[in-house]
Amino acid sequence: MTELCDLECAPCRGGVPPMAPEEIATYLTRLGGGWEVIDHHHLTKTYEFPDFATALAFTNAMGAVAEAQGHHPDIYLAWGKVQLTIWTHKIDGLAEADFVLAAKADRLAR
């Protein structure tokens, strides 16, 4: 099976329903640890770093990944931590692209 982080975020054009809870659970298992699904609507994870500069570097790198993928998370930066919140605005819920972007963030944080 292809790793989620190796896929590209496919743009959502709308008109499709968000993922069902069962499908979300399957993708969450593929994604791995640390991610939380909130109200079957969005993904969130907080990454911890040793200092502000490292957290900022991750934020900037994640911004570049998001821009390249055309899929943009909410990013909260604080001293030693970055929180990402991801969902597909066009369908007001979760789609495969959200899990792909989350996997890319995990790879970046390694």
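The values are calculated or read from the model by the stated rules, or taken from the named source; none is laboratory data. Only a predicted model underlies this, so the values are computations on that prediction, with no experimental measurement involved. Every residue, glycine as well, gets a Cβ built from its backbone with ideal geometry; the counts of neighbours run over all protein chains shown.
Filter the stretch 1-17 down to the residues that are crowded, with 17+ Cβ neighbours inside 10 Å and touching a strand residue (DSSP E or B) at 6+ places or on another chain (Cβ under 8 Å) and list them by number. Listed by number, the list holds a single entry, Cys12.
Taking strands (runs of 3 or more DSSP E) that fall entirely within the stretch 1-100, which contain at least 3 residues that are small (Gly, Ala, Ser) and without any contact (Cβ under 8 Å) to a residue 24 or more places away in the chain? Correct list: empty, since no element meets the threshold.
Can you work out which of the residues in the stretch 18-60 that are closer than 15 Å to Thr88 by Cβ and of a type in the set (Ser, Thr, Tyr) is surrounded by the fewest Cβ atoms within 10 Å (Cβ to Cβ)? Top of the filtered list is Thr44. Taking the stretch 83-104 as the range and being buried (at least 22 other Cβ atoms within 10 Å of the Cβ) and farther than 12 Å from Leu43 by Cα as the test, only Lys104 passes.
Scanning the stretch 1-54 for residues that are at pLDDT below 85, acidic (Asp, Glu) and over 14 Å from the mean Cα position of the chain (by Cα) gives no hits.
For the stretch 61-82, a residue qualifies if it is surrounded by fewer than 16 Cβ atoms within 10 Å (Cβ to Cβ) and under 15 Å from His41 (Cβ atoms), and exactly one does: Asp74.
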